[in-house]
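A short worksheet on the structure shown next.
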Amino acid sequence: MAIAEALAGYQRGLDFSDALHLAQSSHCAGIATFDKRFRELAAELEQQPTPFGPSV
């Protein structure tokens, strides 16, 4: 199931590894990342869980 979700995310523009991390963490409230592009694209695509970055 996670592979199919990751492939769908990849087809929508996410990097495959980012899409796979999202698919594997669907039970989480969020996912931490330093990757700004990933955060912005996931938000644009309304992917869940919502990636968030460091608060500086």
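The values are calculated or read from the model by the stated rules, or taken from the named source; none is laboratory data. The structure presented is a predicted model; accordingly, all values stated were derived computationally and were not measured. Backbone-built Cβ (ideal geometry, glycine too); neighbour counts: all protein chains shown. Heavy atoms of the whole protein, side chains included, go into the accessibility calculation; ligands, DNA and RNA do not. Shrake-Rupley method; radii C 1.70, N 1.55, O 1.52, S 1.80 Å.
The length gained on full extension between SER26 and ARG12, counted as 0.36 nm times the residue separation minus their Cα-Cα distance, comes to 3.3 nm. Between [x] 95; [y] 66; [z] 143, which matches volume of the Cα convex hull per residue in Å³ calculated for the structure shown? The value matching this structure is [y].
Out of the trypsin sites (Lys or Arg not before Pro) in the range 1-46, which ones are loop residues according to DSSP with at most 13 other C-beta atoms within 10 Å?
In loop regions of the range 1-46 (DSSP not H, G, I, E or B), the sparsely surrounded trypsin sites (Lys or Arg not before Pro) are ARG12.
Here the label points at GLU40 and SER55, each 7 Å from Cα along the C-beta direction, are separated by 2.3 nm in the simple model.
Considering only protein heavy atoms and a 1.4 Å probe, what is the carbon-and-sulfur percentage of the accessible area of the chain? Heavy-atom surface of the chain belonging to carbon and sulfur, 1.4 Å probe: 56 percent. For the chain, chymotrypsin sites (Phe, Trp or Tyr not before Pro) meeting the loop criterion (DSSP other than H, G, I, E, B) and having at most 11 other Cβ atoms within 10 Å: PHE34.
Loop-located GluC sites (Glu not before Pro) in the chain (DSSP state other than H, G, I, E, B) with a sparse environment of at most 14 neighbouring Cβ atoms within 10 Å: GLU46. Tell me what the chain gives for mean residue ellipticity at 222 nm when only DSSP H runs of n ≥ 4 count, each as -39,500 (n - 2.57), the sum divided by the residue total, rounded to 500 deg cm²/dmol. That calculation yields -14500 deg cm²/dmol at 222 nm.
With protein chains left intact and a 1.4 Å probe, residues in the chain average 70 Å² of accessible area per residue.
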